[in-house]
Amino acid sequence: MITKKELDDLVKEYETIDFIKDDPIQIPHRFKTEEDITISAFITSCFAYGNRQVFIRKLNELFDKIDNKPYEYIMKFKPDLLKDFSYRFSKDADIICFFSKIHQLYKQGNSLKELFKQYFDGDIQTMMQAVCDYFYCDCNLTQGYCHLIPNPQKGCAMKRMSMFLRWMIRKPPVDFGIWDFIPQSELVIPLDTHVARMSRSLGLLKRSSNDFKAVRELTDTLKQFDVTDPVKYDFALFGYGVTHKN
């Protein structure tokens, strides 16, 4: 198994400002206000699947459509701007419904922060389920819509929502640290096929399925290296993958 020192050294190498330019987090880093950052980060995380270069290009196109003013667009919400915009499984009707749910939240005087905060009782998965339930209510649950907001009830890894929470909770320079109601110690690792493969090769993960049980197992293992901030090793696992391509 890889040592704590080796992982910590990789974190120091990769958790730098230079990480931002090639990562989807580059998009919310364009914004300054908390609501613009939060809304853009949530949207970005939901679309962050498939080929990285492709989805970043599509996200640039999407934010151009809303004039790079996410909070203002959500408050005014003009669905016509999203017509004919699609990404892989998600058609324009799916994306319009997704934006509509965020609009409803803010028009009611609520926010994404309050939605997550309301349902956090110490368990990340329970909170994720409640957020999913909000987005599934009164929407046509097509494959494309459900791919934007996966259902934790199905046991999936919830990689993109875990990544969004890392962005919101962990401190800069890469992450934003603008939410304080979830301790860093309670975050879970954003598990995709790449991180899972690296984790198994390093002896950090035994479970063969890339599901939420694997997320729990890997996060618990990483807590043995840092109980207060296990998700910082997301950077180390990424870094190991880059430096050991072969």
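The values are calculated or read from the model by the stated rules, or taken from the named source; none is laboratory data. None of these values were measured; they are calculated from a predicted model. We place every Cβ from the backbone using ideal geometry, glycine too, and count neighbours over all the protein chains shown. We work out accessible area using only protein heavy atoms, side chains counted, and drop any ligands, DNA or RNA first. Shrake-Rupley method; radii C 1.70, N 1.55, O 1.52, S 1.80 Å.
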> For the range 173-246, what % of the accessible area comes from carbon and sulfur atoms, probe 1.4 Å?
Replying inline: 48 percent
>> Taking only the Cα atoms of the range 88-153, how large is their convex hull per residue, in Å³?
In response: 81 Å³
> Taking 1 over the mean of 1/r across every pair of different Cα atoms in the range 1-95, what Kirkwood radius in Å do you get?
Replying inline: 15.0 Å
>> If packing is taken as the average count of other Cβ atoms within 10 Å, what order do 20-31, 136-147, 160-171 fall into, highest mean first?
In response: 160-171, 20-31, 136-147
> Within a Cβ distance under 14 Å of Ile182, other residues only, what is the Lys/Arg minus Asp/Glu net charge?
Replying inline: -2
> What share of Cα pairs, in percent, lie more than 24 angstrom apart in the range 97-233?
Replying inline: 32 percent
> Hey, which lysines would be in cross-link range of Lys5, C-alpha to C-alpha under 19 Å, not counting anything within fewer than 8 residues on its own chain?
Replying inline: Lys223, Lys232
> So, counting K/R as plus one and D/E as minus one, what does the shell of residues with Cβ under 10 Å around Ile25 add up to?
Replying inline: -1
>> Among 56-63, 232-239, how do they line up by average Cβ neighbours within 10 Å per residue, starting with the highest?
In response: 232-239, 56-63
>> With a 1.4 Å probe and all protein chains left in place, how much accessible area per residue does the chain have, in Å²?
In response: 46 Å²
> Given the Cα atoms of the range 1-56, and with Rh set as the inverse mean 1/r over their pairs in the Kirkwood sense, what is Rg to Rh to two decimals?
Replying inline: 1.10
>> Tell me the mean residue ellipticity at 222 nm calculated for the chain from its helices only (DSSP H runs of n ≥ 4, each -39500 (n - 2.57), averaged over every residue, nearest 500).
In response: -16000 deg cm²/dmol
> Taking N as the number of residues in the range 182-246, what value does Rg over Cα atoms divided by 2.2 N^0.38 Å take?
Replying inline: 1.03
> Round to a whole number: what % of the accessible area of the range 1-143 belongs to carbon and sulfur, probe 1.4 Å?
Replying inline: 48 percent
> Based on the Cβ-Cβ distance of Glu13 and Arg88, what FRET efficiency does E = 1/(1 + (r/R0)^6) give at R0 = 41 Å, to the nearest 0.05?
Replying inline: 0.80
> Per residue and in Å³, how big is the convex hull formed by the alpha-carbon atoms of the chain?
Replying inline: 121 Å³
>> Less than 24 Å apart at the alpha-carbon level, and either on another chain or at least 8 residues along: which lysines does that give for Lys91?
In response: Lys58, Lys65, Lys69, Lys76, Lys78, Lys83, Lys101, Lys154, Lys159
